[in-house]
Amino acid sequence: MLTAVLLAVPGLATAQTVIEPPETKYSIEEDVAIGEEAAEQVRQQLPAFENDAVEYYVTRLGERLVEAIPSEFMHPEFAYTFEVVDEDGINAFALPGGPMFLHRGMLEAALTEGGIAGVMAHEISHVALRHGTAQATRGEKFQWGALAGTIAGAVIGGTAGRAVMEGTSFGLGAFFLKYGREFEKQADLLGARVMASAGYDPRELATMFELIEQQNRSGAPEWLSSHPNPGNRSEYIAVEAELLTIDDPVTDTREFERIQASLNGEAVPITAEGAVSGTRPERPDTDTQYYEVAGVYAVDVPKNWIELPGAEAITFSPEDGHIRTRNQSSFSHGVQIGMAERAGGNLAQVHAAFSESLTAGNPQMQATGGAAQQYLAGRRAYLTIFTNFSEATGWQETVMISTTILPDGRLLYLIAVSPEDEYADYAQTFGELTRSVRLLPK
Ligand SMILES: [Zn+2]
């Protein structure tokens, strides 16, 4: 009824719709444990879409949205994570406590970054409002049948046992995903608020849902069955949007365009101008940020560099200092650190073999001299400096490769890259970063 009044009197100063999270008899810790367990099930059942650039993109977008959750719905115990599954359907779902799964098809179908943000903000809102376990709370009252099997086991195990028992079937995971109209509307309204504070127009949420409804009519109905339209969805979102101010609007969505192009299998240069004129990122900060990687080592990285996780290696690079395509990411400025199994051999042999594996993939890469001894992670290491012509950027670049052997026998490598004409600005950063790598205590 409130919506009708607001529509009739658009100029009326009024308050946003009050959102009252539904009751749940589960603890915050149970939300987290149930969600983690269900997420494990999901990972076993749905194929992961393994693309670092895409995962990195949705993670950054998701984190931006999570930061915009109003403080009253912020649960510091929750860990919001964002994974992409290799499914065509336009769908996404989130589990109690924060694990979110996005279908590749949803990312491909979105017309704007705001559309993806809308779906994610809606899902984040279900999590923040604890709709999953609230639904289960109601389910126990009204749908004993659905939960009986798992609840029975719960009596024995206390909190953890109960959580584990309840999360042990993907069927139950799916149970959490089907929401009623009341919860849907709440997730829309909170989602609209989250979007606005994260810099997106909440109406894009409505637009995306309309798109999903159109597409799902002809194809996969998953989204609609788990997120039914409570009725007048677009209208009440538009009304709520009128009451919201979009903070610091997001205008640069080049990353979205890159990601969509990469999903279509195109290689996309970092600049709009074309592959031969790469962007010159800003100089590395002297202030550093601490990272721990895989429980093995720590490293201090310039504050204005970002982390690009990968399967074997992690890359630290400034914004605009990397290029991503469907199958690989490459970087023009920054440092990649990775670990690899080695077949055997001493450090000199391992270093030579590793360097050769890189020159094989980069035919224009040539060593400028022999291998020098240095230290990496407090261990004896070899360092070779190469020069390379990068076809992607059109630059002559300097590449430093350093390798050492870890106590567990694996190879630890560090590759630093900058354009040759910027090397003077990067050499010191590379040196400091290399010296900062240290092994974590076991
Ligand atoms: Zn929903």
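Let's see how each residue does on (1) open to solvent by 60 Å² or more (accessible area, probe 1.4 Å); (2) of a type in the set (S, T, N, Q):
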{"site": "Glu341", "(1), (2)": "yes, no"}
{"site": "Gly344", "(1), (2)": "no, no"}
{"site": "Ser355", "(1), (2)": "no, yes"}
{"site": "Ala360", "(1), (2)": "yes, no"}
{"site": "Val399", "(1), (2)": "no, no"}
{"site": "Thr404", "(1), (2)": "no, yes"}
{"site": "Leu412", "(1), (2)": "no, no"}
{"site": "Gln428", "(1), (2)": "yes, yes"}
Task: Qualifying residue in the stretch 366-385 (condition: over 26 Å from Asn346 (Cα atoms), modelled with pLDDT under 85 and either assigned by TED's automatic domain parsing to the domain that holds Ala298 or open to solvent by less than 60 Å² (accessible area, probe 1.4 Å) (or both)) - done: no
Task: Residues of the stretch 111-125 satisfying the condition of being surrounded by fewer than 24 Cβ atoms within 10 Å (Cβ to Cβ) and among the hydrophobic types (A, V, I, L, M, F, W, C) - done: Leu111
TODO: Determine the pairs where a residue that is closer than 14 Å to Val119 by Cβ, located within the stretch 220-237, has a partner that is modelled with pLDDT of 85 or more and β-branched (Val, Ile, Thr) with Cβ atoms under 7 Å apart, the partner being 6 or more residues away or on another chain.
DONE: none
Open item on the list: Just checking: which of the helices (runs of 4 or more DSSP H) contained wholly in the stretch 1-103 hold 1 or more residues that are among the β-branched types (Val, Ile, Thr), open to solvent by less than 10 Å² (accessible area, probe 1.4 Å) and modelled with pLDDT of 90 or more?
Closed with: 52-67
Task: Unmet requirement for Ala372, which otherwise passes all of (1) in contact with an Asp or Glu (Cβ under 8 Å, 6 or more places away or on another chain); (2) farther than 20 Å from Thr315 by Cα - done: (1)
Task: Candidates Thr384, Thr359, Thr368, Thr315, filtered to the one that is in contact with a Leu (Cβ under 6 Å, 6 or more places away or on another chain) and touching a residue at least 12 places away in the same chain (Cβ under 8 Å) - done: Thr315
- [ ] Any residue in the stretch 109-135 that's of a type in the set (Val, Ile, Thr) and within 12 Å of the ligand (Cβ to nearest atom): show its pairings with residues that are modelled with pLDDT of 95 or more and in a helix (DSSP H, G or I) at Cβ separation under 6 Å, as long as the two are six or more apart or on different chains.
- [x] Ile124/Leu65
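The values are calculated or read from the model by the stated rules, or taken from the named source; none is laboratory data. Remember, it's a predicted structure, so these values are computed and weren't measured experimentally. Virtual Cβ from ideal backbone geometry, glycine too; neighbours counted across all protein chains shown. Note: areas computed on protein heavy atoms with side chains; ligands, DNA, RNA excluded. Shrake-Rupley method; radii C 1.70, N 1.55, O 1.52, S 1.80 Å.
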